[in-house]
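Here is the structure we will look at, set down as structure tokens.
The values are calculated or read from the model by the stated rules, or taken from the named source; none is laboratory data. On a predicted model such as this, the values are computed, not experimentally measured, just so you know. Here the Cβ positions follow ideal geometry from the backbone for every residue, glycine too, while neighbour counts run over all protein chains shown.
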Amino acid sequence: MEISALFIGLRLALSLFELNSALVNGYREGLKQRAVLTEARSNDGVSTEASSVKCKLQGTTRLPVFSMDGDYIIGGVFSIHHYIHTVKHNYTTMPEPLRCTGSIDTRELRFSRAMIFAIEEINNSTKLLPGIRLGYQIHDSCASVPMAVQVAFQLSNGLDPVFYTGDNCSQSDTVMAIIGESGSTPSISMSRVIGPFNIPQVSHFATCACLSNKQEYPSFFRTIPNDQFQADALAKLVKHFSWTWIGAVRSDSEYGNNGMASFLDAAHKEGICSLQPKPQKYLTRYKIRRLEANDFIMLVSFAASGDLMILFEELTQKPSPPRQWIGSEAWVTDPNMLRFTLCTGTIGFGIQQSVIPGLRDFLLDLSPTEVAQSPVLTEFWEHAFKCRLGKSEKVRLCDGTEDITTLQSPYTNKQKFRITNMVYKAVYAIAHAVHNTKNVFHYFLSPSLSYFTSSSQVLAQLKKVNFSQNGYDVSFDANGDPVARYELVNWQKSKSGSIELVTVGLYDASLPVGQEFHINKNITWVEDSTQVPSSVCSDSCPPGTRKVLQKGKPICCYDCIPYSPDCFPCPKEFWPNAERNICFPKPVEFLSYNEVLGIILAAFSVGGACLAVITAAVFFRHRTSPIVRANNSELSFLLLFSLTLCFLCSLTFIGTPSEWSCMLRHTAFGITFVLCISCVLGKTIVVLMAFKATLPGSNVMKWFGPPQQRMTVVSFTFIQVLICTIWLVLRPPFPLKNLTIYKERIILECALGSVVGFWAVLGYIGLLAVFCFVLAVLARKLPDNFNEAKLITFSMLIFCAVWITFIPAYVSSPGKFTVAVEIFAILASSFGLILCIFAPKCFIILFKPEKNTKKHLMNKNQY
């Protein structure tokens, strides 16, 4: 019940919609009648009844070349003739009607006949539009814009030259849709005329990408891909064969200008140079000579076949150097162009071939009687068989024995079709749109209302069509374009000597990037060569020369001249070879673990750390012995720990400098050395305090016991930590490529960031070392064998000597040796401390245990 109610509601709503449309149409017709009546009164002052007023079309009605009545009329516009008769206006008489001249384009004639075949096939179908008969009106546009515009107006108005306003004017013979035109420029003109009336236009051969703009051409569709896809495909083709220097030839039309602009943009993205002659619609002998003078052998042409035919005819009369032509779809698959043998080897993209069952038989099924009833077919017949279908004294009469199957013509010599299939698909797309429109109204409304189907409804349904015909899918995207698929075709000579089209590859824009293009057969090139031609503006310059750009030409055109004193320098990170003709990257240098110097320094660092650990183990093993206890074991272990870190921090200076390693190497060095010197300073103060404590009445040791010793070490170390923190926060060290020390190589090093921070760290270490050295000198002559002030004095003397020598050596050492000097200073001072302070004690512990007694230590003898 709910579904039935819904259907009833929808039918009622649609009925109201149709009623409203009828009222609007009636209101418009009333306005038309009023305008006609007003004009009639102003002309003769006679009041006339509305039912007797006539509307007359201005101009001369042009009869279609093929027509047939039907329930719905489909228009067709094809360039059956090449040219339009030039009319000279004298502005005194009415201009004569437009008419076509020149020979018949048999391919365009085949297109029009294919449209008739498709309509008749649909009319005989029981599945598509059953019970409805399609009609057609096919016009010849003469490949000209004025004729195309006139035909578009006529198809919008209908054929009747006079109609009465008293009748239902909405039922005049306007078309439901139009198929055509073959060219982009006429199609644009037609679309601007019929677009405001919402009459859909489906082109089979107009490829200009500009027609995809739905703001300007809202009712335009096409069954052939637009030129943007073809431009991308041509650019990828040129790139595939490594051609970097090409010429560009185009027609001065919407098709040529937009197509070539798209190609040049795509070619530029692929790194291809191009030289483009100025756009010329009509190629004169002077302009062709200028084309011959150009030095490129690759020519990409976006041009209509009619325009390019003029160029080829001129080049045939005056042969030019052989050139490789790369053609667009508009002319490269045109059978009429295959007669120009000078273009053997031409390659380009064409629409995929397809078989249309029954079409070739239909094309060949022309009897003399049927031909005589059509002026266009008569002209085609008489030109093909060189006879006349009527009285003639100069030319023989056609006697009925002419056999169309014997003709060698683009009209007949086809088993597979390219653009013809686009016409075929366009007809079926419109038929499916009408069928879908009829289905909606038959389902929701009574059959009596179904005749209100309009071109606007067909336009709406045409956007949604999606069907398959003869194995090919037909649909349109939001811009009215189909999926882009092409065949790569090649002009090859057959055994008979004529040129034939051979499919040698495929291009499918719907495939993933990099997989669209595929060549599956051998290609014949210019002059029947099987070798891929080379096309560069200038060859690579030989050694010892340099490039100089040629004035007025792209960057791929240059001259090679010998090097001179004013030759250009290599970039900063590059260096020339011995011949000075190539720049290659400079080697990067830093102290690494893979070189001998780095291995030696790393070995000493690890060895020193192991020595400190072994010494700590010896002291820990004999921690209860008098010599260990007498030398402040706690500070001794802390000193050995800091020395271990000092040895290991030198490893951070080896390897590739990075942001973290640069910050770590200097701060770790500064903090561990301050910790080390603080421990030595603490031991020195302990020696002095111990001597003072032996004096009568002295109570000084209680002010410098273990807690105070620890606090001293922590305080001195904290100051260095604070200095390093400020350095890292404000301007930390960072990796740097040093290009100034050596011209031929790059030194990868750690920049200090803040020089003040670096020298503050070193200065604080030096200050503590000098203070420790002064105290050690003061305590060097104190009695008792436990006194280690002498050892500290020697160690501080070595420490200060090493770092005083380090400063000039650090400043003057180049490259990676700067780092090596810094590591050497760290290792030398660390070894000086551990050997001077701990080596004598370890010797007594291990080899002179008889001296490791309290009695011996308390002896006043020399240590």
Among the residues of region 390-432, how many are touching a strand residue (DSSP E or B) at 6+ places or on another chain (Cβ under 9 Å), crowded, with 18+ Cβ neighbours inside 10 Å and farther than 30 Å from Val474 by Cα?
1
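When you go through Thr346, Thr369, Thr378, Thr401 one by one, which is the residue that is at pLDDT 90 or above, of a type in the set (Val, Ile, Thr) and over 30 Å from Glu329 (Cβ atoms)?
Details: Thr346 fails: over 30 Å from Glu329 (Cβ atoms); Thr369 fails: at pLDDT 90 or above; Thr401 fails: at pLDDT 90 or above.
Of Thr346, Thr369, Thr378, Thr401, the one residue that is at pLDDT 90 or above, of a type in the set (Val, Ile, Thr) and over 30 Å from Glu329 (Cβ atoms) is Thr378.
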State which residue is modelled with the lowest pLDDT when the search covers only region 779-797 and only residues that are touching a Leu at 6+ places or on another chain (Cβ under 7 Å) and assigned to a helix (DSSP H, G or I).
Ala789
Regarding region 77-92, can at least one residue be identified that is modelled with pLDDT of 95 or more and part of a strand (DSSP E or B)?
yes
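At least 2 residues that are among the β-branched types (Val, Ile, Thr) and over 52 Å from the mean Cα position of the chain (by Cα) in each: list the helices (runs of 4 or more DSSP H) lying fully within region 352-437 that qualify.
Numbers: elements: 359-364, 368-372, 375-385.
Answer list for region 352-437: 368-372.
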Region 568-612: number of residues that are surrounded by fewer than 18 Cβ atoms within 10 Å (Cβ to Cβ) and in a loop (DSSP other than H, G, I, E, B)
17
Report yes if some residue within region 316-329 is basic (Lys, Arg), farther than 30 Å from His204 by Cβ and loosely packed, with under 13 Cβ neighbours inside 10 Å; otherwise report no.
yes
Test for Val618: is it touching a Ser or Thr at 6+ places or on another chain (Cβ under 9 Å), among the β-branched types (Val, Ile, Thr), in the same structural domain as Ser658 (by TED's automatic domain parsing) and assigned to a helix (DSSP H, G or I)
no
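Hey, can you tell me all the residues within region 213-235 that are assigned to a helix (DSSP H, G or I) and in contact with a helix residue (DSSP H, G or I) (Cβ under 8 Å, 6 or more places away or on another chain)?
The first filter runs over region 213-235 and keeps only residues assigned to a helix (DSSP H, G or I), leaving 227-235.
Listed by number, the residues that qualify are Asp227, Gln228, Gln230, Ala231, Asp232, Leu234, Ala235.
Has region 824-837 got any residue that is in a strand (DSSP E or B), hydrophobic (A, V, I, L, M, F, W, C) and at pLDDT 80 or above? Break it down stepwise before answering.
At the first step, the residues of region 824-837 found to be in a strand (DSSP E or B) are none.
No, every residue in region 824-837 fails to be in a strand (DSSP E or B), hydrophobic (A, V, I, L, M, F, W, C) and at pLDDT 80 or above.
Residues in region 252-265 that are part of a loop (DSSP other than H, G, I, E, B) and either closer than 16 Å to Phe205 by Cα or modelled with pLDDT of 90 or more (or both): how many?
Step one: list which residues in region 252-265 are part of a loop (DSSP other than H, G, I, E, B), which gives 252-253.
Going one step further and asking which of them are either closer than 16 Å to Phe205 by Cα or modelled with pLDDT of 90 or more (or both), we end up with 253.
Summing the residues that are part of a loop (DSSP other than H, G, I, E, B) and either closer than 16 Å to Phe205 by Cα or modelled with pLDDT of 90 or more (or both) in region 252-265 gives 1.
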Only one residue in Thr684, Thr615 is among the β-branched types (Val, Ile, Thr), buried (at least 17 other Cβ atoms within 10 Å of the Cβ), at pLDDT 85 or above and more than 30 Å from Lys816 (Cβ to Cβ), so which one is that?
Thr615
